[in-house]
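Take a look at the structure below.
Laboratory data are not the source of any read-out in this text; all were calculated from the coordinates shown. Just so you know, these numbers come straight off a predicted model, no measurement behind them. Heads up, the Cβs are rebuilt from the backbone with ideal geometry, glycines too, and the neighbour counts pull from every protein chain shown.
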Amino acid sequence: MAMIELGFGRQNFHPLKRKSSLLLKLIAVVFAVLLFCEFLIYYLAIFQCNWPEVKTTASDGEQATREPVLKAMFLADTHLLGEFLGHWLDKLRREWQMERAFQTALWLLQPEVVFILGDIFDEGKWSTPEAWVDDVERFQKMFRHPSHVQLKVVAGNHDIGFHYEMNTYKVERFEKVFSSERLFSWKGINFVMVNSVALNGDGCGICSETEAELIEVSHRLNCSRELLWWLQPRLVLSGHTHSACEVHHGGRVPELSVPSFSWRNRNNPSFIMGSITPTDYTLSKCYLPREDVVLIIYCGVVGFLVVLTLTHFGLLASPFLSGLNLLGKRKTR
């Protein structure tokens, strides 16, 4: 009887061992693909990006001095979903993508300043006070940054509404979180942050307010010698279009539209890297992982796991064994 019981125990042991082996294989494959698609792929993509080189010497008579280079990142149109239009799965997927991309870029590229050019939120123009607080908390978590990195945010039409939807409450609510700063200067470089929504205004009050702000900034930039009355930028960077395009105003001043940073707006999101000095600048684009590539990897792995499981239980012939059997038959002939 003891030997019979031992025999049954051994017979039951082998199927259990096979199931455990299969389970370990499945867990290993799932863990590996999650690690790659949700973490490592961002390092792989952003590691290929490098800061563009810019001339760093300025001649001053017979002497040449080295100009400091400011490393600036420009993002746009993150469109954090709100409580009305945002499905929880869509929120989870897109916000995780942007968080991992941003944190990876901070770690690998070490920028000194990051600008986000409008449309931070998707529903800021009509969100309730409670929803606004929740959206802001999620934004601050996703785009957290060390204290030595400056983060500058410009309002977009989805944040405060188009010119016919704007009001004092929405503007002040936004500026309470992200500051009302219009002029930012660092390493001898002046950045003027303009709410372009107001520039489309058809009301005299809005136009006058925008003009007054521009005049004030112009005075601050030229307070000592008053050389310029209006702003004369050497470069304009803007968001809103979700795509990259370049135009020249008056054939002289270039304006570059920064692509969206979110998978929700683009299959291949990206951001702009700028090496800037007081007299020169160079820009380059850094691409994030493509969403379709990630989905193809997941679909391929799911198919592989199905084949592996069916093969393990003998419901599908192993392609490897079938190939060996076919090879053996050819040799016997």
Open item on the list: Students often check this: by mean Cβ neighbours within 10 Å, which of 269-278, 251-260 ranks highest, and how do the rest follow?
Closed with: 269-278, 251-260
- [ ] Please turn the phi angles of segment 95-106 into ³J(HN,Hα) values with the Karplus equation 6.51 cos²θ - 1.76 cosθ + 1.60 (θ = phi - 60°), one per residue in order, whole Hz, x for glycine and proline.
- [x] 6, 5, 4, 5, 4, 5, 5, 5, 5, 5, 5, 4
- [ ] Starting from the Cα of E83, step 7 Å along the direction of its Cβ; do the same at L183; then give the gap between the two resulting points in nm.
- [x] 4.0
Task: J(HN,Hα) series, segment 241-247, from Karplus relation 6.51 cos²θ - 1.76 cosθ + 1.60, nearest Hz, glycine and proline x - done: 7, 6, 10, 8, 8, 10, 10
Open item on the list: I'd like to compare 302-311, 237-246, 117-126, 156-165: which one has the highest average count of other Cβ atoms within 10 Å, and what's the full order after that?
Closed with: 117-126, 156-165, 237-246, 302-311
Open item on the list: Below 8 Å, C-alpha to C-alpha, sequence gap of six or more: please give me the relative contact order for segment 40-182 in percent.
Closed with: 25
TODO: Provide the per-residue ³J(HN,Hα) series for segment 29-45, in order, calculated from phi with Karplus coefficients 6.51, -1.76, 1.60 and θ = phi - 60°, each as a whole number of Hz, with x at glycine and proline positions.
DONE: 5, 4, 4, 5, 6, 5, 4, 6, 6, 9, 9, 5, 5, 6, 5, 4, 6
TODO: Given a cut-off of 19 Å, name the pairs among K141/K187; K71/K152; K91/K152 whose C-alpha atoms lie farther apart than that in the structure shown.
DONE: K141/K187; K91/K152
- [ ] Take peptides 105-112, 174-181 and line them up by average Cβ neighbours within 10 Å, highest first, as a rough protection proxy.
- [x] 105-112, 174-181
